[in-house]
Each structure stands twice: as structure tokens, then as C-alpha cells.
Amino acid sequence: MRILVTGGAGFIGSNFIRYMLSTYPEVQVVNLDLLTYAGNLENLADVQADSRYRFLRGDIASERDVDRAFSLGPYDAVVNFAAESHVDRSLHLGVDRFIHTNIAGTQILLDALRRRGGGRLLQVSTDEVYGSLGERGRFSEDMPLAPNNPYAATKAAADLLVRAAVHSHGLDAVITRCSNNFGPYQFPEKLIPLMIANALEDRPLPVYGDGRHVRDWIYVEDHCRALDLVLRRGRRGAVYNIGAGNEIPNIELVRRILRLVGKPESLIRFVKDRPGHDRRYAMDAGRLRRELQWTPSYQFDDALRLTIDWYGTHREWLDHVRSGEYRRYFEKVYGGR
Ligand code: NAD
Ligand code: DAU
């Protein structure tokens with residue numbers, strides 16, 4: 001199987017590439033990534049010399065860059081992780097980049113697939129497209145899309161463009177919508193790595209609002225296994241929710257992290273809430289379990305411990321990411337080519 005992965009230098013994409021290379025000896029992966037602030041080739045340093053892997057720097061919203069990637073094909077599949085992925089940035093730093101990558105970029109990939117063929121598209125989407133839940137209920141695939149923040153709105157737009165390409169042009173595509181991921185190589189702007197990093201360094205842990213907002217957590221490797229199943233066996237045109245049933249209020253999660261790191265709760269700071277903050281997410285992943293027999297392999301507490309250990313033993317990675325030093329890696333490894 002030959003796969004074009006887009007956005008493979010980010011958190012989930014790099015875990016997915018590592019998962020595929022270690023699971024399938026015959027797989028070949030081309031990774032097209034723009035290397036924004038969130039794209040870090042150090043995430044893939046261990047596979048960089050693997051002859052089955054190739055990196056290409058480029059923008060999914062540039063026809064020329066996407067054509068370059070397709071000319072390294074043909075591909076059996078395209079897996080699109082490339083995105084601006086942080087809600088706070090979409091709220092405070094402007095929406096242009098989100099529209100550019102998440103919406104225009106997805107359409108350019110769809111156009112390239114139509115023009116050049118490229119097998120199946122797996123569009124990696126998010127539970128945030130459904131909006132927010134009250135105290136009860138879970139998101140199911142047939143719920144209306146009701147995104148509440150600019151990031152989620154651009155992801156919902158991309159889902160609809162994929163749906164339209166399947167319906168109008170007969171494209172082979174599947175969409176997955178996953179809940180909040182955590183695990184190694186997650187950029188420390190997101191809740192779990194931020195709290196771990198701050199706790200390790202005795203810095204304050206900023207909790208938004210009353211801290212009673214609920215997220216449904218999944219270890220990144222369980223997400224990657226689900227993506228692989230959907231890619232190989234999912235129904236054309238279908239949407240699959242992915243979630244492991246770990247609903248936890250933020251404040252409780254932050255307290256657990258502090259306990260595991262061995263730091264006091266006095267580090268917690270309640271800060272001004274995120275505007276329009278979604279109160280609760282919870283996934284119904286019944287379709288994925290029934291049709292593709294997926295179950296999560298990791299218990300939440302074990303996975304959280306693994307993640308804390310990983311950040312504790314990868315201080316250099318953390319320092320590089322926070323100082324911007326990781327950008328030099330590209331020049332060092334790829335600069336002369
Ligand atoms: P991330 O921010 O860690 O990585 C995004 C990657 O995309 C980076 O490597 C970045 O360089 C690359 N990229 C950005 N713009 C690009 C462009 N124009 N062209 C090519 N590459 C570009 O994100 P993540 O957390 O790994 O999320 C990956 C995907 O999964 C996203 O589509 C996100 O919406 C979705 N998702 C994330 C979560 C989560 O909890 N993190 C949950 C569900 C779905
Ligand atoms: O649900 C899937 C989504 O999960 C993905 O689509 C997004 O790409 C990903 O960023 C994530 O979005 P969230 O907004 O849920 O994740 P974040 O880590 O930013 O925040 C998780 C919760 O923690 C949320 O309720 C806000 C809160 N929070 C976050 C940060 C960064 C805090 O209380 N303090 C913080 O400093």
C-alpha cells in the first residue's frame with residue numbers, strides 16, 4: 001500500500017506514520033507537510049532514514065505543491081491530517097489560516113484526487129463539528145453539524161466539501177470524527193501536554209472558567225488504529241465517530257495530572273474562560289465498534305501515566321518545541337537537498 005499522508009509532521013499524523021510503518025512491512029508513505037509552528041520533523045526522527053518513508057515540504061492549499069506530491073504516486077490512499085488545529089488560535093489570532101488550510105486545502109486535495117486519481121481519501125475530522133452537549137447524550141454520526149468556534153466551523157466546512165465530492169463526483173472518501181487525543185509528540189499548547197509541562201516545572205496550571213467543561217479523551221495510538229481500520233474497511237462515503245468513552249471534567253483531569261507528577265494543587269489557577277467554550281463532548285462510537293470491531297486498547301489512567309513519563313523523559317523535545325529550536329532540524333536534515 002502506498003499512502004500520501006498530509007500534515008504528517010504534527011501530533012496525530014506523526015503517530016499515524018510511525019504506526020503504519022511499524023505495522024505493515026510493505027507500506028510506503030509520502031508525507032506532505034508545510035511545517036507550520038505545529039509541524040516538527042523531530043517527531044519523525046526515528047523513521048527519517050526508513051527507505052519506505054519520504055518527506056516533502058509543501059502546502060495542501062497550493063495546487064503546485066499537491067501536484068508535486070501526486071507525481072510521487074500513484075497512491076492507494078490519501079490521509080488528510082493537515083490543519084490548523086488549535087481552537088484558541090482560531091479565536092484570538094484570526095481565522096485566515098484556518099480557512100486557507102482546513103477549507104481551501106481540503107478542496108485542493110479533492111480536486112487533485114479527481115484529476116489524478118489517488119485511491120481513497122480519509123478525511124481526519126473532529127467531534128467539535130457537532131457543537132456542544134448538555135449534561136446527557138452523546139454525539140452520533142447523523143446529528144446535524146453545529147460548530148461553535150471558528151476552528152470547528154472550518155472543519156465542518158471541509159467535511160461538507162468531502163461529502164459533496166462523494167455525492168457529485170463519485171469520489172471514494174470516508175470521514176472520521178474523533179474526540180480529544182493525548183499522547184507523545186502533542187504540541188504543548190493543548191490541555192494535557194501544557195498541564196504536564198507546567199507541572200514538571202512548578203509553573204501555574206491555567207484552567208478556563210469553572211473547570212467543569214468535559215472532554216472525552218482517547219490515547220493517540222487507539223485513534224491511529226481506528227484510522228487504519230476505517231481506511232482499509234470503512235464504507236465509501238460513511239462517517240465514523242471515534243472515541244474511547246473517557247469523559248472527564250477538566251479540573252478533575254488537571255488534579256490527576258498533578259497527583260501523578262507529584263505536585264501540589266496550589267499550582268492550579270482559574271483564569272478567564274474561552275469565549276463560547278463548548279461545555280461537553282462525548283462520543284457514540286457504536287458504528288466503528290459494530291462495523292469494524294474496533295475497541296480501544298488503552299485504559300485512560302495507564303495511557304495518562306505513559307504520556308506523563310514520555311514528557312518527563314523528552315525534556316529536550318519540549319525545550320526545542322517551546323524555543324522554536326525544532327525548526328533548525330529541517331535545515332540540518334533536509335536543507336542541503
Ligand atoms: P497538529 O496541529 O499537531 O498538526 C497539524 C499538522 O498539519 C502540522 O504538521 C502542520 O505543519 C501541518 N499543516 C498545517 N497547515 C498545513 C498546510 N497548509 N499544508 C500542509 N501541512 C499543513 O494537529 P493534530 O492535533 O495532529 O491534528 C491532526 C488532525 O486531526 C487535524 O485535522 C485535526 O483537526 C484532527 N483532530 C485532532 C484531534 C486532537 O485532539 N488533536 C482530535 C480530532 C481530530
Ligand atoms: O475534540 C477534538 C478537538 O480537541 C480537536 O479537534 C482539536 O484539534 C484539539 O485542539 C482539541 O480541542 P479542545 O479545544 O477540546 O482542546 P484543548 O486542549 O485546547 O482544550 C481542552 C479543554 O481544556 C477545553 O475545555 C479547554 C480547556 N483548557 C485548555 C487549555 C489550553 C483549559 O482549561 N486551559 C488551557 O490552558
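Note on Leu91 and Ala164: their simple-model spin labels are 2.9 nm apart, each label 7 Å out from Cα toward Cβ.
Of the peptides 5-12, 296-303, 182-189, 85-92, the ranking by mean beta-carbon count within 10 Å, highest at the top, reads 5-12, 182-189, 85-92, 296-303.
Surface exposure of the range 47-154, expressed per residue as accessible area with a 1.4 Å probe, stands at 44 Å². Pairs of Lys residues in the chain are counted when their Cα atoms are under 28 angstrom apart and they lie 8 or more places apart or on different chains; the count is 6. Label-to-label distance, Ser22 versus Arg116, with points set 7 angstrom from Cα along the beta-carbon direction: 3.0 nm.
So for the chain, considering every pair of alpha-carbon atoms, how many percent are separated by more than 24 Å?
Numbers: 30521 of 56616 pairs.
Above the 24 Å cut-off, the chain has 54 percent of its Cα pairs.
Which value, in nm² and rounded to one decimal, describes the direction-averaged projected area of the C-alpha convex hull of the range 91-165? The partial results should precede the final answer.
Details: hull surface 23.2 nm².
Dividing the Cα hull surface by four gives the mean projection, 5.8 nm².
Shown for the chain: the carbon plus sulfur share of the solvent-accessible area, taken with all protein chains present and a 1.4 angstrom probe, equals 48%.
Please give the length that would be gained between Arg305 and Asp202 if that part of the chain were fully extended, namely 0.36 nm times their separation in residues minus their C-alpha to C-alpha distance (nm, one decimal).
Numbers: separation 103, 0.36 × 103 = 37.08 nm, distance 1.83 nm.
35.2 nm is the gain from fully extending Arg305 to Asp202.
Express in nm, to one decimal, how much length is gained between Arg274 and Tyr37 on full extension, taking 0.36 nm for each residue of separation and deducting their alpha carbon distance.
Working: separation 237, 0.36 × 237 = 85.32 nm, distance 2.17 nm.
My answer for the length gained is 83.2 nm.
The values are calculated or read from the model by the stated rules, or taken from the named source; none is laboratory data. All figures in this text were calculated on a predicted structure; none of them were measured in a lab. Reconstructed Cβ throughout: ideal geometry from the backbone, glycine too, with neighbour counts over all protein chains shown. Remember, those area values only see protein heavy atoms, side chains included, never the ligands or the DNA or RNA. Shrake-Rupley method; radii C 1.70, N 1.55, O 1.52, S 1.80 Å.
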